[in-house]
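What follows is a short report on a single structure.
Only the coordinates and a few stated rules stand behind these numbers; no lab work does. Just so we're clear, the structure is a prediction, and the values are computed from it rather than from any experiment. Note: ideal-geometry Cβ built from the backbone for every residue, glycine included; neighbour counts use all protein chains shown.
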Amino acid sequence: MLKPKVISQVLQQATTGGVKATLLLNSEGSPLVFVSEAGDRDARVYAAIASNVWSTFEKNTKPLTKEDPTIGSGVGSGNGGGINNALKFLLVECEEGNLAITTVTNMLLCLVARTDVALGILKAKTDALARHLEEPFQRVSTYTQSSS
């Protein structure tokens, strides 16, 4: 069983170096766990922005096909001709901060950073955190699906 306090501690480790807040959201966009710098209590605002941006991009991106000349098995594509249309990662640069959003099993992981944090650093932190959380969350997800 996953312990909320442990999840908060893991998220707290990413909330350094200019990252203002780290959130874990359910599939509807409600915050499950929220960790932030002292005095920052905007969890619902961050969750609403992240959830809306993610769902908008997910719904409105056109499906890719093999006939699309911008994709395929060319040099550097790394997909070997196979196509996976699912949205994996989103970086949003805003006036008052940067936002990184990705999925961990059926949840959204969101990091909110100051504008002076490089997007590459933000992406690396988000990727590392998502990889760290993926395996335990996958076990819980598999367990809950088999119990139903």
In whole angstrom, how far apart do the alpha carbon centroids of region 39-58 and region 91-116 sit?
9 Å
Ranked by how many other beta carbons lie within 10 Å on average, peptides 8-18, 38-48, 104-114 from highest:
104-114, 8-18, 38-48
What aspartates and glutamates could a cross-link reach from LYS125, if we take a straight Cα to Cα line under 18 Å and drop same-chain neighbours fewer than 8 places away?
GLU37, GLU93, ASP116, GLU134, GLU135
Spatially proximal lysines relative to LYS59 (Cα-Cα < 17 Å; intrachain offsets below 8 disregarded)
LYS88
